[in-house]
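Below is one structure, written out as structure tokens; comments come after it.
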Amino acid sequence: MTASLSPATALDFAGKTVFVTGGGAGIGRAIAEAFAAAGARLIIAEIDPANAEAVEQAIPSARVIRCDVRQRGVGQMLAQRIAAETGRLDVLVNNVGHFVHAQPFATLSEDQVDEILDTNLGQLLRITSAMIPLLRKSAPGASIINVTSIEAHRGIPGCTVYAAGKWGVTGFTKSLALELAPEGIRVNDIAPETTDTPQLALDYVIPPQNRTHEERWIPLGRFGQPADCAGAALYLASPLAAWVTGTAIHVDGGALAAAGWYRTPQGDWTNTPLISGNGIVIPGATA
């Protein structure tokens, strides 16, 4: 970043084309809205008809393409659409991903394993490959942002193949960043902790009787909101991050740094959660 570049100027995406996969809801929707507010020309891939219609109404200027990015050939179709409409691509946001099957590894069929890996890694590789020629037309300065997960950096029982896919994205990001660096195309990850989205609604995953302890589970006192990732995406795509590539922004409230440490009701820290009398796990509670 040069001394004359102000943050307001750096976050102005007028004249830039941004493509977001899965931009109809949750983190993808928040990222799409943030880029639209910053003046970007927005293209969104969305599989769910209701989400597609909702984001069209919320962002009238956006071009929403209804498709399943997991299908073979869809990446090339999208690239052709973008080429015909804008001729180039400045920012690719690979947002699509899903647990798909949350169950012990030993119970997964081969088809289920393949489905999880393709949803979280395979389609991302194909979409990125299809978009690189368009990104090269905007280089130097083009950017790829992969939305991964905190599970790309720690273990998660019951979602082992999901974690493997996200770890794969991490390795892909670092390696592709090196390949594309000479052309001025940057590649980075956003790795969020649990974020309140339709895919992972906190009211569903955290029983009401446990919500009173939520502020102690994350060092910054809460779980994520989609807007948290949107801010990281704007930064990574902007000239403010001109010397940032091959890395991840951990949008996780300090969860990865805590590495199993929790605050107790008394305000201390513990890495040995106890079971309360009613069977609820309470960090640092008196059994």
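Before moving on, here are some points about what is shown:
- Residue in the stretch 210-217 that is touching a His at 6+ places or on another chain (Cβ under 7 Å) and touching a residue at least 60 places away in the same chain (Cβ under 8 Å) present: no
- Residue among 149, 143 that alone is in contact with a Leu (Cβ under 7 Å, 6 or more places away or on another chain), assigned by TED's automatic domain parsing to the domain that holds residue 193, closer than 17 Å to residue 246 by Cα and of a type outside the set (Asp, Glu): 143
- Any chance residue 93 is under 29 Å from residue 252 (Cα atoms) and among the hydrophobic types (A, V, I, L, M, F, W, C): yes
- Boolean, residue 40 is touching a Ser or Thr at 6+ places or on another chain (Cβ under 9 Å), of a type in the set (Gly, Ala, Ser), more than 15 Å from residue 97 (Cβ to Cβ) and buried (at least 24 other Cβ atoms within 10 Å of the Cβ): yes
- Note on the stretch 31-52: residues that are in contact with a helix residue (DSSP H, G or I) (Cβ under 8 Å, 6 or more places away or on another chain), under 15 Å from residue 237 (Cα atoms) and in a helix (DSSP H, G or I) total 5.
- Restricting the stretch 242-273 to residues that are outside any loop (DSSP other than H, G, I, E, B) and in contact (Cβ under 8 Å) with a residue 60 or more places away in the chain, the residue that is farthest from residue 171 (Cα to Cα) is 255.
- Residues in the stretch 181-200 that are surrounded by fewer than 21 Cβ atoms within 10 Å (Cβ to Cβ), at pLDDT below 95 and in contact with a Pro (Cβ under 7 Å, 6 or more places away or on another chain): 197 only.
- Selected residue (criterion: surrounded by the fewest Cβ atoms within 10 Å (Cβ to Cβ)) from residues of the stretch 73-114 that are among the acidic types (Asp, Glu) and more than 19 Å from the chain's Cα centre (by Cα): 110
The values are calculated or read from the model by the stated rules, or taken from the named source; none is laboratory data. Worth saying up front: this structure is predicted, and the values here are computed from it rather than measured. No Cβ is skipped: glycine too gets one built from the backbone with ideal geometry, and neighbour counts run over all protein chains shown.
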